Every structure is written in structure tokens, then in C-alpha cells.
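In what follows, a structure is listed as C-alpha cells, so that the remarks can point back to it.
The values are calculated or read from the model by the stated rules, or taken from the named source; none is laboratory data. What you see is a predicted model, and the numbers here were worked out from it, not measured in a lab.
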Amino acid sequence: MNIKERVKTIIRVLKVSEKPDRESFMLSLKVFLIGLLVVGGLAFVIHLIASLLGGIRLSS
């Protein structure tokens, strides 16, 4: 795909895209924050278990 076709594709996508309404945005934000908390919580638990099992260092 050359540059000209790429620019046309980007312009086409920008024309059909629209700004999400408040309800849709808030739902996406909630899903993102819940996912972030789950991943962060799992990382914390894994790090805690590793440190309790003999001081295994996970970072360099």
C-alpha cells in the first residue's frame, strides 16, 4: 500500500467516525478502569507471592 492510498484510507475512516456519546464513553472508561485494576491486582499478588517464597526478585 503506497502513501497515497494510505492517506485516502485514513481520510475515509475519519469521515465515517464519530465522537462517542457520554454514555458510551463512560462505559468504555469503566471497562478500562476495571481491567486496569484486575491486571494491577494480579501483578501485585504475583509479586507478593514471589517475595514471600524466598525473596525471588522479578525486576532487574
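Assorted remarks:
- Here is the figure for region 14-31: residues that are in a loop (DSSP other than H, G, I, E, B) and either among the acidic types (D, E) or modelled with pLDDT of 95 or more (or both) total 2.
Residues checked against (1) modelled with pLDDT under 90; (2) over 19 Å from the mean Cα position of the chain (by Cα); (3) of a type in the set (S, T, N, Q):
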{"position": "R6", "(1), (2), (3)": "no, yes, no"}
{"position": "R12", "(1), (2), (3)": "no, yes, no"}
{"position": "L33", "(1), (2), (3)": "no, no, no"}
{"position": "L52", "(1), (2), (3)": "yes, yes, no"}
